[in-house]
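The values are calculated or read from the model by the stated rules, or taken from the named source; none is laboratory data. Nothing here was measured: the structure is a model prediction, and the numbers come from that model. Here the Cβ positions follow ideal geometry from the backbone for every residue, glycine too, while neighbour counts run over all protein chains shown. Accessible surface is based on the protein model in full, side chains and every heavy atom, while ligands, DNA and RNA are left aside. Shrake-Rupley method; radii C 1.70, N 1.55, O 1.52, S 1.80 Å.
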Amino acid sequence: MKIIGGPSSQTLACRVAALLNVVPTVIHFERFPDNEHYLKITEDIAGQDVVLIQSTVTDSDWVALYQLLDACESAKSVIVVIPYMGYARQDKLFKPGEAVSARAMARTVTADNLEAVYTVNLHEKSVLKHFKCPAFDLDASPLIAEYIVSLGLKEPLLIAPDKGVRAMVEHMASGLSLDWIPFDKIRLDGATIEMTGGGLDITGRDVIIVDDMIATGGTMAEAVKILKGNGARDVYTACIHPVLSRNAVLRLAGAGVKDIMATDTIEKIQSRISTAPLIAAVLKK
């Protein structure tokens, strides 16, 4: 098996390869003077089983994935792992004439030797049906729960900041006998969010707000302020996908967050929880 990490998932690919006792395959990538991408796999992969690991955080990351697929034309088989799939949240048609971008991007991931696609905690699982090969979504939330338990926090309490992640947070909590409570998010306008909820006394407890992703940090920051105001000892945030766009990190710090914990589906300084064991376990099968 050849493990090939794309430009955006080099560390994760190396971690997966180490767990499988495989030396990661080196690729060379750069930009030409006209800003076009150039990519080359430096080993002969003809007749080999290949795993491509590439998050598609930016449009450029999608281009790299297409180039990797084309460069693997001589491989026996290809499995694509997209730990973070960009455009996946644009999964519905709201107005006539709109592009369903998640569908559009899924349809572009294709090759004659492509056997399967794996994603991690897609925002909407219905996106999987748009791939032209078998596609599966992996759940990294138990890895976050295990990491939280390992920290030795004081009476840790998980918070689900909106309805969309309640099932995920409940699953995390039940697996390790952690307490959890839901919050409700009410959007007052394009920039203002109000958080309501609770149900447990949080005085003196360490609280962790869990979401599938943190983008601008607006929802999280509002929740942090509420929890701090209600007597929480320390407030942490945890997510699968640390998008952390614009001033999200500063915003959360300003709200009083103790730490931001995330997985390496997007490789950032906060990505200390690796999804490599999850991916490696699937590939072993």
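A few comments on the model shown:
- Meets criteria (open to solvent by less than 30 Å² (accessible area, probe 1.4 Å), within 20 Å of Met213 (Cα to Cα) and of a type in the set (S, T, N, Q)) for Thr58: no
- Restricting attention to the stretch 199-231 and to residues that are over 17 Å from the mean Cα position of the chain (by Cα) and touching a residue at least 60 places away in the same chain (Cβ under 8 Å), the residue that is nearest to Gln54 (Cα to Cα) turns out to be Ile208.
- Matching strands (runs of 3 or more DSSP E) fully within the stretch 10-53 where at least 3 residues are open to solvent by 30 Å² or more (accessible area, probe 1.4 Å): 27-31, 37-41
- Within the stretch 98-191, strands (runs of 3 or more DSSP E) holding 2 or more residues that are in contact with a Phe, Trp or Tyr (Cβ under 7 Å, 6 or more places away or on another chain) and crowded, with 17+ Cβ neighbours inside 10 Å: 114-120, 157-160
- Filter result for Ser141 (hydroxyl-bearing (Ser, Thr, Tyr) and either under 24 Å from Ala280 (Cα atoms) or touching a helix residue (DSSP H, G or I) at 6+ places or on another chain (Cβ under 8 Å) (or both)): yes
- Among the candidates Glu98, Glu115, Glu146, Glu124, the residue that is of a type in the set (Asp, Glu) and within 22 Å of Ile208 (Cβ to Cβ) is uniquely Glu146.
- Neighbours by Cβ (under 6 Å, 6+ apart or cross-chain): first from the stretch 26-51, more than 18 Å from Val80 (Cβ to Cβ); second among the small types (Gly, Ala, Ser): Ala46/Ser74
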